[in-house]
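Contents: one structure, followed by commentary.
Laboratory data are not the source of any read-out in this text; all were calculated from the coordinates shown. For clarity, every value in this text was computed on a predicted model and none was experimentally measured. Every residue, glycine among them, receives a Cβ derived from its backbone with ideal geometry; neighbour counts consider all protein chains shown.
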Amino acid sequence: MTATTDGSTGAVGPRAPSGNGTTETTVPPGGDPIRVAAERATARSVEHLLGRQDAQGWWKGDLATNVAMDAEDLLLRQFLGVQDARTTHDAGLFIRGEQRADGTWATFHGGPGDLSATVEAYVALRLAGDRPDDPHMARASQWVREHGGIARSRVFTRIWLALFGWWKWDDLPELPPELVFLPKWFPLNIYDFGCWARQTIVPLTIVSAKRPVRPAPFALDELAGPPQAGGRAARQAPLASWDGVFQRLDRALHVYHRLAPRRLRTSAMNAAARWIIERQENDGCWGGIQPPAVYSVIALHLLGYDLDHPVMRAGLESLDRFAVRRADGARMIEACQSPVWDTCLATIALADAGLSPDHPALVKAADWMLGEQIARPGDWEVRRPGLTPGGWAFEFHNDNYPDIDDTAEVILALRRVAHPDRRRMDAAIERGVRWNLGMQSRNGAWGAFDADNTSPFPNRLPFCDFGEVIDPPSADVTAHVVEMLAYEGKAHHPDTRRGIEWLLAEQETFGGWFGRWGVNYVYGTGSVVPALTAAGLPTSHPAIRRAVSWLESVQNEDGGWGEDLRSYRDEAWIGHGATTASQTAWALLALLAAGERESKAVERGVAWLAETQREDGSWDEPYFTGTGFPWDFSINYHLYRQVFPLTALGRYVHGEPKALTALAGTRKGS
């Protein structure tokens, strides 16, 4: 269930027919060895990916993040009193196995030790029975103390500790439930936050108001660190600065916590509870992601919802579905699940690799995706009232928050499939295109979930010291929408042109584009260049040539590409890092779209993919190339290492997807 890291590679020799619709590649005398290797790797990868499809038509790879998810799951169970021996043991097995030699836990493979993740993992292992004087625990606690102790950990970590009395509630930033009463036009109303933050903050306002403390099963004196100012006692910024303003606002809110009228506070908490319950998905989860589900369960529990209440029971059952059992018995928690995203990317990869458009696997995938289209309004309607629904979410169940990025990619995937019910397909695509166009922000670009979610204030709150809490437009999402619109024959649509202009303005001076949802400039550039050329920019355009020059300049010695997550904080890492299959594929997709198929850079990249492919047609990739929050929260999508290399190899072998090219040509008047 997890990536192997033994570094083994697959050969590119001859193989028997797959029986899955792929064909055997033979080596013609005097044939181009790079192309032959690419054809063989493509065929082998097609067979591997077809074998991973679910009977219902979808694909889903594991979504690995960091041990904070696992630690917080155990803390939740401890808080609710629902822990069981097997879950605790298996979670401890996973957390223990992720510890580094220096005693710390990192938030991504090969990254530095992270204080908050280490504190949470340490506490979880204490819950699992590990003793403070065990060597691995002693190393961890020593490192925590040397790096400032609990007081230096992030706010969310200290909230978890406050639930058990290991930290004082009064030393945490205040988050009043009256926030839900702020009108939609008022600064810091809940819709100024990105959807993931909104779903987390609303239940936390209840937790913040209630300030519960359950008896701690042990002390944490060994994590105290040196005496120092912590919490609200930290040094304040000047009043003339925004940080100073919000620090003083937090002080005022702490005073208000003691003086808040009981009736108003009760009304606010009840309103927040209604908001939470109204947004519970059919599977019991909230937003299809683990953190809002955890905090929603805690908040409702504090308001008197017992564990047998249907809402609570469904919520707890949904959390169990985030668990992945490994062969060694370890239990890993996924922060989210990505079946729609994985399925549309797998469909694109297989189609671009030459699988027939009417292949049963593609038709089945299209059927499943069509059934996942969302036909009801969600929170996005706050900024776009009256817009007809038609998007797709990232997860199995997340009807409140369809994803602009997923919608664009699903449409690109559906257009590659010869579905027998063409009328149904066209109608679904038309709804999706209309919804995507309607979600364009005022600046001409697209965010992930909301339009114009760009308020500068939420990130200023002392409470928000971890990750992004707003959803501004990004180059990668905008590029995927522009690419989709171009292939829908809307390359000259005014909204598409505005998107293109925004993308051109966002190019960095060195030639790349920032990657909001993937690591990092390699992902952004690999998304933007194919979109610009699909929309009609010539490959000779200066922006395209700058992108090509930059990608060629950062190609690794082994022929591949890699970019470390540290590039989000340190410019020295931009475009640099260990070679990975997914990032090599992103660079190749850009270069191929730029007309560089015959270049040495492309040949070396293709050769690296072919040479490092494993015998079963897959690639190994322990590195994290997905992004939840730049730097703060990183993701290893286990299917990325399969779908993107296959897409790149397919386009190297077969060229641009002919079905989409033909479609764009017949719909130019749209």
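Order these peptides, 526-534, 597-605, by their mean beta-carbon neighbour count within 10 angstrom, highest first.
On the way: 526-534: 26.9, 597-605: 17.3.
Listed from highest to lowest mean packing, they are 526-534, 597-605.
Report the FRET efficiency, 1/(1 + (r/R0)^6), for GLU571 and ILE34, where r is their Cβ-Cβ distance and R0 is 25 Å, rounded to 0.05. After rounding to 0.05, the efficiency reads 0.15.
Sorted on the mean count of surrounding Cβ atoms within 10 Å across their residues, most packed first, peptides 428-439, 57-68 read 57-68, 428-439.
Excluding VAL528 itself, calculate the net charge of residues whose Cβ lies under 14 Å from the Cβ of VAL528, where each Lys or Arg counts +1 and each Asp or Glu counts -1. Could the numbers behind the result be given before it?
Details: positive: ARG516, ARG545, ARG546; negative: ASP405, ASP476, GLU483, GLU501, GLU506, GLU508.
Summing Lys/Arg as +1 and Asp/Glu as -1 gives -3.
Multiplying the residue separation of ASP358 and HIS136 by 0.36 nm and subtracting their alpha-carbon distance yields 74.4 nm.
So what's the back-of-envelope 222 nm ellipticity for the chain, counting only DSSP H runs of four-plus at -39500 (n - 2.57) apiece and dividing by all residues, rounded to 500?
On the way: 23 runs with 308 residues, N = 670.
Mean residue ellipticity, 222 nm, calculated: -14500 deg cm²/dmol.
Tell me whether the range 346-496 comes out rounded, prolate or oblate; compute the Cα gyration tensor, take square roots of the eigenvalues as a ≥ b ≥ c, and use a/c under 1.5 as the rounded threshold. The partial results should precede the final answer.
Values: a/c = 1.95, a/b = 1.83, b/c = 1.06.
Note, shape of the range 346-496 comes out prolate.
Here is the size of the chain from its Cα atoms: Rg then Dmax, 25.1, 86 Å.
Taking amide H atoms as placed 1.01 Å from N in the peptide plane, the amide H of PHE633 lies under 5 Å from those of GLY628, each 5 or more residues away in sequence or on another chain. Helix 494-506 sits at what angle to the longest principal axis of the chain, using alpha carbons and giving 0 to 90 degrees rounded to 10? For helix 494-506, the angle is close to 70 degrees.
With a ≥ b ≥ c the root eigenvalues of the C-alpha gyration tensor of the range 507-655, is it rounded (a/c under 1.5), prolate (a/b larger than b/c) or oblate? Verdict is oblate for the range 507-655. Counted residue by residue at 0.36 nm each, then reduced by the alpha carbon distance between them, the extension gain from GLU611 to ARG545 reaches 20.9 nm. Note on the range 100-167 and the range 532-588: Cα centroid distance 36 Å, given to the nearest whole angstrom. In the chain, the longest principal axis of the Cα atoms and the axis of helix 242-259 are about 50 degrees apart. The magnitude of the dipole of the range 507-655, with charges of +1 and -1 set on the Cβ of Lys/Arg and Asp/Glu and taken from the Cα centre, is near 460 debye. Shape class of the range 432-550 from the alpha-carbon gyration tensor: oblate, with a/c at 1.5 or above and b/c at least as large as a/b. Counting Lys and Arg as +1 and Asp and Glu as -1 over every other residue whose Cβ lies under 11 Å from the Cβ of ARG383, the net charge comes to -3.
Can you give the percent of C-alpha pairs in the range 315-372 whose distance is more than 19 Å?
On the way: 821 of 1653 pairs.
Of all Cα-Cα distances in the range 315-372, 50 percent exceed 19 Å.
Each of ARG326 and ASP558 was given a label point 7 Å from its Cα along the Cα-to-Cβ line. The distance between the two points is 2.2 nm.
Taking other residues whose beta carbon is less than 9 angstrom from the beta carbon of TRP631, and scoring Lys, Arg as +1 and Asp, Glu as -1, yields +1.
The relative contact order of the chain comes to 18 percent, based on Cα pairs under 8 Å that sit 6 or more residues apart. Between the amide H of PHE510 and any residue lying 5 or more places away or on another chain, no distance stays under 5 Å, with hydrogens modeled in the peptide plane.
Rounded to the nearest 10 degrees, the inclination of helix 640-654 to the longest alpha-carbon principal axis of the chain is 20 degrees.
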